[in-house]
1. If a residue counts only when it is touching a helix residue (DSSP H, G or I) at 6+ places or on another chain (Cβ under 6 Å) and in the same structural domain as S163 (by TED's automatic domain parsing), which helices (runs of 4 or more DSSP H) contained entirely in the stretch 1-116 have at least 1 such residues?
2. Identify the single condition in (1) modelled with pLDDT of 95 or more; (2) of a type outside the set (A, V, I, L, M); (3) at negative phi; (4) surrounded by 14 or more Cβ atoms within 10 Å (Cβ to Cβ) that G162 does not satisfy, given that it satisfies every other one.
3. Looking at (1) closer than 24 Å to G164 by Cβ; (2) touching a residue at least 40 places away in the same chain (Cβ under 8 Å), can you tell me which one L31 breaks?
4. Which residues, taken from the stretch 51-83, are closer than 11 Å to I6 by Cα and in contact with a Phe, Trp or Tyr (Cβ under 6 Å, 6 or more places away or on another chain)?
5. Output the qualifying pairs, or none if there are none: Cβ atoms under 9 angstrom, residues six or more apart or on different chains, first residue in the stretch 84-101 and surrounded by fewer than 24 Cβ atoms within 10 Å (Cβ to Cβ), second residue aromatic (F, W, Y) and in a strand (DSSP E or B).
6. Could you grab me the full set of residues in the stretch 3-40 that are under 12 Å from L74 (Cα atoms) and aliphatic (A, V, I, L, M)?
7. Counting just the residues of the stretch 202-227 that are at pLDDT 85 or above and exposed (fewer than 15 other Cβ atoms within 10 Å of the Cβ), which one comes out farthest from A140 (Cα to Cα)?
8. Filter the stretch 165-196 for residues that are touching a helix residue (DSSP H, G or I) at 6+ places or on another chain (Cβ under 7 Å) and without any contact (Cβ under 8 Å) to a residue 40 or more places away in the chain; which is surrounded by the fewest Cβ atoms within 10 Å (Cβ to Cβ)?
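The values are calculated or read from the model by the stated rules, or taken from the named source; none is laboratory data. Quick caveat, the model's predicted, so the values are computed rather than measured. Cβ atoms come from the backbone with ideal geometry, glycine included; neighbour counts cover every protein chain shown.
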Amino acid sequence: MRVLAIDTALEACAAALLDTTRGALLASVSLPMTRGHAEALMPVIETVMRDSGLAFSDLDRIAVTTGPGSFTGLRVGIAAARGIGLAAGKPVVGLTTLAALAAPLIAANDRLPVTAAIDARHEHVYVQIFGPAGRTVLSARIIPVADAVRAASAMGMMRLIGSGAGLMAAAWPPAPALHAVDDRRAADIDWVARLGAAADPKQSAPKPFYLRAPDAQPQDAAQLPRR
């Protein structure tokens with residue numbers, strides 16, 4: 001299976017092409033950035049396709065991160081994935097950023113629990129806790145950092161990953177000990193591709209997974225009166 005993976009949900013603009021039949025990542029580009037995803041994404045995808053030597057018609061599916069993350073970034077990546085899928089006649093699958101962040105740690109050791117946490121600002125995090133074998137213990141949600149620490153520390157020795165990992169580590173109690181803290185700002189695009197290859201298209205729609213309403217809301221006072 002040939003999978004084009006796209007991620008613009010967090011602080012990177014990334015794409016990769018995985019060929020599961022050959023067991024190889026054919027091409028991968030990841031550019032750290034907090035804004036400008038809309039302008040950067042298509043050149044990144046073009047580079048990946050050129051380096052892989054494949055055309056969009058050669059793909060079997062497209063995978064894209066659906067959030068939580070930047071509202072603008074999510075829309076950029078999902079729109080691109082849907083557009084490519086529609087033009088090439090290929091299915092598109094969506095993957096959460098929390099699952100993508102946790103995936104490499106679960107693959108490395110599926111006995112120790114993992115908490116994927118993304119800084120949601122205002123002392124809150126988007127969080128999901130995975131237990132042994134990658135089983136979800138706490139489903140994805142946005143909660144105060146203190147509540148996330150309470151839930152995660154109740155599981156014993158823990159690994160934290162994501163932009164919210166440092167916030168949680170700073171509030172972590174003396175016991176139990178933290179096994180590892182990885183405050184990476186975006187998911188590994190290689191793992192987005194791997195999860196995309198394993199996803200069920202019927203269960204993984206490429207729809208935005210926001211978890212909360214946008215901070216910017218229209219103001220009634222700014223609306224023009226109707227005549």
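1. Working: elements: 37-52, 71-88, 97-108.
Of the helices (runs of 4 or more DSSP H) lying wholly inside the stretch 1-116, those with at least 1 residues that are touching a helix residue (DSSP H, G or I) at 6+ places or on another chain (Cβ under 6 Å) and in the same structural domain as S163 (by TED's automatic domain parsing) span 97-108.
2. (3)
3. Condition (2) is where L31 drops out.
4. T66 - this is the single residue of the stretch 51-83 that is closer than 11 Å to I6 by Cα and in contact with a Phe, Trp or Tyr (Cβ under 6 Å, 6 or more places away or on another chain).
5. From residues that are surrounded by fewer than 24 Cβ atoms within 10 Å (Cβ to Cβ), the pairs are A99/F130.
6. Hits for the stretch 3-40 are I6, A9, L10, A12, A38.
7. Once the filter is applied, the top-ranked residue is K202.
8. P173
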